[in-house]
Every structure is written in C-alpha cells, then in structure tokens.
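Below: one structure, written as structure tokens.
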Amino acid sequence: MTATQTAALRVEKLDRVFDVSAPFLSRLLYRQERRYLHAVNDVSVSVPSGGCLSLVGESGCDKSTVARLITGIYPPKSGQIRFAPGRSGQPLSAQMIFQDTYASLNPRWRVKNIIAEPYLHRIVEHAETEVVFADPKHPCTRLLLETIPDVNSPHRDRKIVAGEVPSPLCPPSGCTFHPRYPLAQDRCKIERPSQEARPEGARVACHFA
C-alpha cells in the first residue's frame, strides 16, 4: 500500500496470549506451573480501501486467530485494530464469512489483493500478490509457493517444505523457520529478524532476504 492510499483497516503490533494451563487441581497435584500460548505476536498489516488481504500459510500458523481478533471474536492482549470511517462517518466493521464464500461474496467485485504470510504467530512476508508471486523473499514463502500444482508442468521438480510446524508452546529461538530451512545461518538460530521494508513495497522478516 502506497502512502497516498487510504487504509480501510490498519492492524498494529497485535498480540494475543491464551492460558492453556491444566485445571487448578491437576496443577496442584502434579506441581505444574501455568502454561501460556503466545498465538499472535507483533502482527501488523493493513488493507487499502477497496482492497483484500489474504492470510496464507500452513495449518497451525494462527491465520484463524488473527481473523478472530480483527472481527472481535477474541480480544487482543495488546495492539490496535483501526477501521477507517465509512460513508456514515462511523468506523467500518468486519464479520466472519464461513463455509461457502462463493455464495457470500459478489464475484463482480474487483479488489487490490495483498498477501500476508504468518508463520508461528508472526508475519514473515507482506506484499501485493503480484510482488509475492514474481519474487518471493522469505524462504518460507518460496517453499510454500513450490507446493502449488502447475497444470502446465505437473511433473516438475518441487522443493517441498520438510518437517512440521514447531509447537507454539515451545517455539525455536531466533527465526522460528530456521529448523526447517537447510540454508539457515547461525544468526537465524539466535536473532529474531524484524520486519524490514523493501523497495518494491514488500515487508519481510528475514536477515538475508
């Protein structure tokens, strides 16, 4: 989104933590401490007026949790969710659309599509669709795009993402994707990358993107 575009929705530094502790008596009996799941951590995205934001990623990367926070189903621990004023002057709102989206959305609408990819409670890449498909920067995004079937080359060699998404109760240090990326460097294992702006408008959380 450029500086001249109006954001219909702006999400800034969104956090959500769930208490997943065992019941009190079980914790007392087995001397267990409380356990907390940091499901969403420092998520910032924006949707331009007349646009669409697609949250993409593997199962278990908290896409649904972000959507539930934006629509008010879950309250955030911290952060801001701001909707632009509508025609009435009142802030816009959002709702969940379940099941048959083709019957719920008007196919004649044309929107500006933006992709944001979360991985283990953080956004790792955020850019317009054309930018992501033409030149994905984050290793997780590149490997995810490799899984898309190609009808023109159904037998092409593809680099499938190895392993499973780590448990969010015990996430890896540094970049949480490093255990699954064979070219990860020592810095990836120690230092968590911040999201940096790219010249083409993308924002990427990778030390070497």
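The values are calculated or read from the model by the stated rules, or taken from the named source; none is laboratory data. As the structure is a computational prediction, the values presented were derived from the model and not from experiment. In this analysis, Cβ positions are derived from the backbone assuming ideal geometry, glycine residues included, and neighbour counts consider all displayed protein chains.
Screening Gln32 on (1) crowded, with 16+ Cβ neighbours inside 10 Å; (2) farther than 28 Å from Gly163 by Cα shows it passes everything except condition (1). Here Val66 meets the list (1) of a type in the set (A, V, I, L, M, F, W, C); (2) part of a loop (DSSP other than H, G, I, E, B); (3) under 13 Å from the mean Cα position of the chain (by Cα) almost entirely, failing just condition (2). Residues in the stretch 154-209 that are without any contact (Cβ under 8 Å) to a residue 40 or more places away in the chain, on the phi > 0 side of the Ramachandran plot and surrounded by 11 or more Cβ atoms within 10 Å (Cβ to Cβ): Gly174 only. Quick check: anything in the stretch 132-146 in a strand (DSSP E or B) and under 26 Å from Val47 (Cα atoms)? No. Any residue in the stretch 83-92 that is in contact (Cβ under 8 Å) with a residue 40 or more places away in the chain, under 19 Å from Pro168 (Cα atoms) and part of a loop (DSSP other than H, G, I, E, B)? No, the stretch 83-92 has no match at all.
One line per residue, one yes/no per condition, for (1) touching a Phe, Trp or Tyr at 6+ places or on another chain (Cβ under 9 Å); (2) within 30 Å of Glu191 (Cβ to Cβ); (3) at pLDDT 80 or above:
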position	(1), (2), (3)
Trp109	no, no, no
Leu120	yes, yes, yes
Ile123	no, yes, yes
Pro136	no, yes, yes
Leu143	yes, yes, yes
Asp157	no, no, no
